[in-house]
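Below is one structure; the comments refer to it alone.
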Amino acid sequence: MIDYSALLMIWRRDMIRLSRDRAQIAGSLARPILWLLVLGFGLGSAFPGFHGIPYISYLFPGIIAMNLLFASFLSAISIIWDREFGFLKEMLVAPISRISIAVGKAASGATVSFLQGCLVLAFIPLVGVSIGPWRLLAGLPVMLLIAFAMTSLGLLVASRMSSFEGFGTIANFVIMPMFFLSGAVFPLATAPRALQMVGLINPLSYGVDLLRWLFLGVRQFPLMLDFSVLLLFTAAAVGGAVWAFCRRL
Amino acid sequence: MNPPAIEVSHLVKRYNGLTAVDDLSFDVQPGELFGFLGPNGAGKTTTIHILCTLLAPSSGSASVAGFDCLNQPRQVRQSLGIIFQDPSLDERLTAWENLEFHGMIYHMPKLLRRERMEAVLDLVDLGERRHSIVRTYSGGMKRRLEVARGLMHQPRVLFLDEPTIGLDPQTRRRIWDLFKQLRAQLGMTLFLTTHSMEEASQCGRVAIIDRGELLALDSPQALVAAHRAENLEKVFLTLTGHGLRDEEVSGPERMRDQVRRLKRWR
Ligand SMILES: Nc1ncnc2c1ncn2[C@@H]1O[C@H](COP(=O)(O)OP(=O)(O)OP(=O)(O)O)[C@@H](O)[C@H]1O
Ligand SMILES: [Mg+2]
């Protein structure tokens, strides 16, 4: 069912496109700098932080998750550009299954997003986080898992859109709420009940929780719960994207 | 006996109220060079997209190489190649990368792939620009690359949706020689749309459609004889009328129409 040469082609194509897209690379560096400066240093100097951890350190895992989230959606939504510019037709008439196209897009989008998440790690020395090499290494697969989950969700959203209505709409209604209500910028545990509930159904919360545990040693959910939610969510979102994709033909 | 290369039976396609293809039926035999003619908006591209499994018909059936387009899409896709009317290249990649990726999704082994890539690049004279980003190509160069890519995997049935649009006479001639060669040497079936009556005259048989309906189907010579016309263009205009369709009309045609309208006023 899955066609490996198609997967490889889609993956290589997106890697080449990323390597030629200076604006996207610049964006993935500028975004964390901005958020760390404004929230981390600006807001952080006004109050002491949470759990006895300085705010900028507390925020840092959230910023990694944010870069993963943005990059995932940007690359998933490139499938809409492919439709607009006609390249999708070339893939759709080829003797490869729709599943391979959807899975290939998820894999390449997740890789692009993972790489942009790794860029954020360069700021570790500036945010007062001291993390050992093993924990850092363990953070990489977690970041990859978050990238996969978010790219799959992005594909699901993209496959429901008939044309490119603007990234702003998606950013306002999906990306921003997911980011703010994931525990990335403030702990969910002390938030009002309604916000907590939203946080609990937000799959990104579990990714942020895992990263924060690895980077700072504090967490809110059991580790098994974090992993299970992320894995199940990724599977469901890829499944949903494949289904939506096949139905559209 | 071999099944027809293309079989279309009572095909209908509606787009919310507009009937783009209206009860169309015809067969194309293996190895035929078949011309599919009609004014702008007649339903040619829609029919081709149904045959290529990109669109589902509203009713009726279609098959390619003996496989049903709706129920056996995978086998259909394995049998066909297409040169789209609209751009379908990845313009951020080089010509070489576009061809390489095409070969990969058509499962061509690496050696064969490389060999064919060289061959088709030579054919459309893009060998020297193979490593340039496609966005930096001229319109005609992009078109040439689309043609080259469509030919690369040598399908049994090749759909060509206005393949020579925007090409210079030299390239047009070379590509037409190639079409004939592919038919003679490989027995490839070619299904082609064009607005050039000169090109259409070189087809074995042509179908003329308008508003999604089939108006005539025969060899160009037989059509010209049956209508006692001077050439295929006269037949085409007799059958489809002199009125304009959409915006995409050539200069001379628009002139003729305006002259006729003036005459009517007199
Ligand atoms: N996606 C669509 N949605 C709605 N209507 C469509 C769509 N695609 C095509 N049509 C309509 O279907 C009709 C047939 O279009 P089609 O593209 O098949 O024409 P064509 O014969 O290829 O014309 P041309 O010579 O201009 O390429 C037209 O009236 C067109 O407006
Ligand atoms: Mg057309």
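Bear in mind these aren't lab numbers, they're just calculated from the coordinates by the rules spelled out. Given the structure is predicted, the values throughout are model-derived calculations rather than measurements. Neighbour counts run over all protein chains shown; Cβ positions are idealised from the backbone, glycine included.
What does the charge count around B:SER61 come to, taking other residues whose C-beta lies under 11 Å from its C-beta (Lys +1, Arg +1, Asp -1, Glu -1)? Kindly include the intermediate steps, with their values, before the conclusion.
Details: positive: none; negative: B:GLU7, B:ASP68.
Around B:SER61, the charge tally is -2.
Around the amide H of B:ARG205, modelled in the peptide plane, lie the amide H atoms of B:LEU33, B:GLY35, all under 5 Å away and 5 or more residues distant in sequence or on another chain.
Placing R0 at 56 angstrom, the Cβ-Cβ distance between A:ARG12 and B:ALA229 gives a FRET efficiency of 0.55 after rounding to 0.05.
On C-alpha positions alone, give me the angle between the axis of helix B:251-265 and the longest principal axis of chain B, in degrees, nearest 10. With rounding to tens, the tilt is 10 degrees. Here chain B carries DSSP beta bridges of which approximately 55% are antiparallel, counting only pairs with both residues inside.
Pairs B:LYS142/B:LYS180; A:LYS89/B:LYS142; A:LYS89/B:LYS180; A:LYS89/B:LYS13; A:LYS105/B:LYS13: which exceed 24 Å Cα-Cα?
Check vs 24 Å cut-off fails for A:LYS89/B:LYS180; A:LYS105/B:LYS13.
As a ratio to 2.2 N^0.38 Å, the alpha-carbon radius of gyration computed for chain B takes the value 1.04.
Shielding of peptide A:7-16 by partners, expressed as the average count of other chain Cβ atoms within 10 Å per residue Cβ, is 3.
With the Kirkwood sum run over all distinct C-alpha pairs, chain A has a hydrodynamic radius of 18.5 Å.
As a rough guide to protection, the peptides B:2-9, B:172-179 ranked by mean Cβ packing within 10 Å, highest first, stand as B:2-9, B:172-179. Three semi-axes describe the equivalent ellipsoid of the protein assembly as shown; taken as square roots of 5 times the Cα gyration tensor eigenvalues and ordered largest first, they are 55, 23, 21 Å.
Each of B:GLN85, B:GLN170, B:SER63 was scored by the projection of its Cα onto the charge dipole of chain B, and the greatest displacement toward the positive side belongs to B:GLN170; charges sit on the C-beta of Lys, Arg, Asp and Glu.
Report the paramagnetic label zone for A:ARG20: residues of the stretch A:69-101 whose backbone N is under 14 Å from a point 7 Å from Cα along the Cα-to-Cβ axis. Only A:87 pass the distance filter.
Pick out, from A:LEU43, A:GLY27, A:VAL129, the residue whose Cα sits farthest towards the positive end of the charge dipole of the stretch A:1-136, with +1 on the Cβ of Lys and Arg and -1 on the Cβ of Asp and Glu. Ranked along the dipole, the leading option is A:GLY27.
Between B:ASP177 and B:ASN2, the simple label model (points 7 Å from Cα in the Cβ direction) yields a spacing of 2.6 nm. In this simple spin-label approximation, B:GLU115 and A:LEU195 carry label points 7 Å from Cα along the Cα→Cβ vector, and these lie 6.7 nm apart. Backbone N atoms of the stretch B:36-55 closer than 18 Å to the 7 Å Cα→Cβ label point of B:LEU70 belong to residues B:46-55.
With a simple spin-label model that places each label point 7 Å from the Cα along the Cα-to-Cβ direction, the separation between B:ALA222 and A:PHE47 comes to 8.5 nm. Distance from the Cα centroid of the stretch B:201-246 to that of the stretch B:1-45 is 15 Å (rounded to whole angstrom). Other residues lying with their Cβ under 12 Å from the Cβ of A:ARG13 contribute a combined charge of -1, Lys and Arg counting +1, Asp and Glu -1.
Rounded to the nearest 10 degrees, the angle from helix B:139-151 to the longest Cα principal axis of chain B is 70 degrees. Dividing the helix sum by the residues of chain B, where each DSSP H run of 4 or more adds -39500 (n - 2.57), gives a mean residue ellipticity at 222 nm of -12000 deg cm²/dmol.
Helix A:203-216 against the longest principal axis of chain A: what's the angle in degrees, Cα atoms only, rounded to the nearest 10? Roughly 50 degrees, rounded to the nearest 10. The stretch B:80-158 and the stretch A:101-147 have Cα centres spaced 35 Å apart. From the P(r) of the stretch A:1-92, could you give the percentage of C-alpha pairs in the tail past 14 Å? I get 75 percent for the Cα pairs in the stretch A:1-92 exceeding 14 Å. Kirkwood analysis of the Cα pair distances in the stretch B:161-215 returns a hydrodynamic radius of 12.4 Å.
For the stretch B:6-265, a crude dipole built from +1 on the beta carbon of Lys and Arg and -1 on the beta carbon of Asp and Glu, taken about the Cα centre, is about 260 debye to the nearest 20. Simple rule: put +1 on each Lys or Arg Cβ and -1 on each Asp or Glu Cβ in the protein assembly as shown, find the dipole, and look at A:ALA147, B:VAL8, B:THR45; the Cα lying farthest toward the positive end is A:ALA147.
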